[in-house]
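The values are calculated or read from the model by the stated rules, or taken from the named source; none is laboratory data. Please read all numbers here as calculations on a predicted model, not as lab measurements. Every residue, glycine as well, gets a Cβ built from its backbone with ideal geometry; the counts of neighbours run over all protein chains shown. What goes into the accessible areas is simple: the full protein's heavy atoms, side chains included, and nothing from ligands, DNA or RNA. Shrake-Rupley method; radii C 1.70, N 1.55, O 1.52, S 1.80 Å.
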Amino acid sequence: MLSTLPPVILLDIAILFTALSWGLGMYLVDKKVHLFASLAIGCFVCLFGYSVESLGAPPWVVVAAPVPLDILLLWYVLRKPRKMLLAYPVIWAIYIVFHVVLSAPFRYDSLVPAWRLHS
């Protein structure tokens with residue numbers, strides 16, 4: 001259903017849900033709303049991931065390539081290693097839940113492009 005939308009809209013949906021997972025994860029750990037930071041991180045991470053995928057990289061590289069960028073941006077926002085160690089797994093957990101929830105009913109696999117839940 002969602003997979004039939006134009007690629008630009010699919011990228012916007014991926015950015016929105018990536019930003020939402022980052023915003024919720026950082027809020028749960030830091031108790032502060034990082035609206036602009038989570039939107040910026042969503043844009044950077046999604047665009048980087050899609051760039052890596054467009055180069056034809058194997059699926060594990062598409063998933064692993066943004067991790068150093070994630071850590072750098074998380075450090076820029078939180079600046080405390082303890083909060084970072086708590087926030088990063090929380091962000092990924094929220095992100096995976098979004099991926100599975102959107103993929104199941106809508107056949108939308110673009111949140112984690114290398115992790116296709118449908119054939």
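Projecting label points 7 angstrom from Cα along Cα→Cβ for A104 and L85 puts them 3.3 nm apart.
Residue-wise HN-Hα couplings along the stretch 6-22, as the Karplus relation 6.51 cos²θ - 1.76 cosθ + 1.60 with θ = phi - 60° gives them from phi, are x, x, 5, 5, 4, 5, 4, 5, 4, 4, 4, 6, 5, 4, 5, 5, 5 Hz; Gly and Pro carry x.
In a fully extended conformation the segment linking Y76 and V8 would gain 21.7 nm over its present Cα-Cα distance, using 0.36 nm per residue. When all protein chains stay in place and ligands, DNA and RNA are ignored, the 1.4 Å accessible-area order of K80, K31, largest first, is K31, K80. Label reach from W92 (point 7 Å along Cα→C-beta): in the stretch 42-60, amide nitrogens under 15 Å belong to 60.
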